[in-house]
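The values are calculated or read from the model by the stated rules, or taken from the named source; none is laboratory data. Just so it is clear, the model here is predicted, and its values are computed rather than measured. Using ideal geometry, Cβ is built from the backbone for each residue, glycine included, and neighbour counts are taken over all protein chains shown. The accessibility values were calculated without ligands, DNA or RNA, using every heavy atom of the protein model including side chains. Shrake-Rupley method; radii C 1.70, N 1.55, O 1.52, S 1.80 Å.
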Amino acid sequence: MSAAASQTELMLVVLGRTGEGKRPVVSTILNLQDNEEGKEAAETQKCSKHRGEAAGRKVSVVSTPAWFSSDCDLNDRGYHISSFIALSTPGPHAFLLCVPVNQPADGEAKALDVLEGLLGPSAVSTHTIVLFTHTEELEEDEQLEDYLVTWRKDLQQLVGRCGDRYHTLETRGGDAEERRAVEELLEKVEEIGLDHFSCCLYEQAERRVKKRQEELVLKNDHVESTTEEEMEAVREEAERSIEDLDVDVKGFFPSVSVSASSPAPSFFWVLWEKLAGWVSRLPKLVRREALLGALVGLFVGGPFGGIMGATVGSVATEVARRKTQKQK
């Protein structure tokens, strides 16, 4: 870590579905206890900001509600996006998109579409890192990279949009491995660069935050004696007061439009994707065998196809089980 990196306060924005690893991510990065990490913000579904140190670096982490989920009101979406932008001014060093490995990534893909539309393509292609959660669903000897390549084309596409940057903070070891995972994440953030991400919306937010900050300082009877900590508190108060940026999300919801030039996926490809997604949730031992049986049933068709598929899958699973036992 360079001297410049150690002096720079890294700004991170954590995006993801409620309950899908966001709060543990904030806790893990800043080594917080559950009662320290914004329980009130989570309960009221507001953006929250936490500051601390991690791996010898000063770090600020902004966490947002799942504004891209289908059950989020359109007005709330604009409010949440305005809020996280204001809280992360003058701009984040990285967006961390939390993605559970055991679920489809449709919502997260939509979030990237919105970021590209509002903040520009570079917000995704150069400043976003996919942060995988729920990796305990993988088998003990199964590597995350192998799982993505073999079973999850949708997650691979998500990572590709983010410049092939991904990470996980979940380890099977103790605190030492967890802290090492945090350090590796911050190293990946620094590889993006130490300049804050900037765009028109962030520039607008920074101007308004500074103006509000000046107004709050002038209300202080002892302006010249204001301490650095007090100035930081004033800055954060100013950030929290900015809730109505020129954010227009109507064009992105309720669904993201698909380009007319994009060919529709074939019927069998759609079925394959669904089968692979379902099978990926099974234990590693039976995944390939179950998928083989499902494909036999799919292409033969009818009741006979179902019976044949089930038989092929069962036989293949038993063969694989016995082979594994012999290897042990």
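Are there any pairs with C-beta distances below 8 angstrom linking a residue in the stretch 53-68 that is over 11 Å from Leu186 (Cα atoms) to a residue that is hydroxyl-bearing (Ser, Thr, Tyr) and outside any loop (DSSP other than H, G, I, E, B), with the two at least 6 apart or on different chains, and if so which?
Val62/Ser48; Ser63/Ser48; Thr64/Ser83
If a residue has to be over 16 Å from Arg179 (Cα atoms), open to solvent by 10 Å² or more (accessible area, probe 1.4 Å), over 14 Å from the mean Cα position of the chain (by Cα) and at pLDDT below 90 to count, how many in the stretch 1-30 make the cut?
The number of residues fulfilling the criteria is 6.
Among the numbered criteria (1) open to solvent by less than 20 Å² (accessible area, probe 1.4 Å); (2) closer than 23 Å to Ser48 by Cβ; (3) at pLDDT 95 or above, which single criterion is violated by Ser82?
Looking at each condition in turn, Ser82 falls short on (3).
So, in the stretch 31-70, of the ones that are assigned to a loop (DSSP other than H, G, I, E, B) and modelled with pLDDT under 75, which residue ends up surrounded by the fewest Cβ atoms within 10 Å (Cβ to Cβ)?
Gln33
May I ask you to verify whether Thr171 is surrounded by 15 or more Cβ atoms within 10 Å (Cβ to Cβ), among the polar types (S, T, N, Q) and closer than 30 Å to Tyr202 by Cα?
no
Among the residues of the stretch 149-158, count how many are among the aliphatic types (A, V, I, L, M) and crowded, with 20+ Cβ neighbours inside 10 Å.
Counting residues in the stretch 149-158 that are among the aliphatic types (A, V, I, L, M) and crowded, with 20+ Cβ neighbours inside 10 Å gives 2.
Hey, among Pro100, Pro104, which residue is in contact with a strand residue (DSSP E or B) (Cβ under 9 Å, 6 or more places away or on another chain), surrounded by fewer than 23 Cβ atoms within 10 Å (Cβ to Cβ) and modelled with pLDDT under 95?
Pro100
Kindly indicate whether any position in the stretch 182-190 is among the aliphatic types (A, V, I, L, M), on the phi < 0 side of the Ramachandran plot and touching a His at 6+ places or on another chain (Cβ under 8 Å).
yes
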